[in-house]
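Below is one structure, written out as structure tokens, with a few remarks after it.
The values are calculated or read from the model by the stated rules, or taken from the named source; none is laboratory data. Quantities reported herein were computed from a predicted structural model and do not represent experimental measurements. Heads up, the Cβs are rebuilt from the backbone with ideal geometry, glycines too, and the neighbour counts pull from every protein chain shown.
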Amino acid sequence: MKEAQIAIPKKGMETPLHAKVQIPGYGVMTRKQLQKSIQRFVNEVSKYVRMGDAEKAHSALYNRNVLKGFLETEIKHSGK
């Protein structure tokens, strides 16, 4: 059985959505899964802001290093 290759980000070249990417401190997932996870985090923060719960919004944004890792990885693999 062939093992899946982890995509290495290349400047000026976008990584395909089906490619597996390494998220520092988290693990491996496809780029499409990574984008969905980022959307979930942003929706969660948005929900807290709409409810007026600034404490939970702050916690979701700044106390979770996973979101930072997700965003940094997505930027690297976007080809920019």
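Among the residues making up segment 8-25, none is under 10 Å from the mean Cα position of the chain (by Cα) and assigned to a loop (DSSP other than H, G, I, E, B).
Take the residues in segment 38-80 that are closer than 22 Å to K10 by Cβ and small (G, A, S); name whichever of them is surrounded by the most Cβ atoms within 10 Å (Cβ to Cβ). Among them, the one singled out is G69. Among the residues of this structure, M1 counts as one that is modelled with pLDDT under 95, exposed (fewer than 12 other Cβ atoms within 10 Å of the Cβ) and outside any helix (DSSP H, G or I).
Only residues that are touching a residue at least 12 places away in the same chain (Cβ under 8 Å) and assigned to a loop (DSSP other than H, G, I, E, B) were counted across segment 51-77, and they come to 1.
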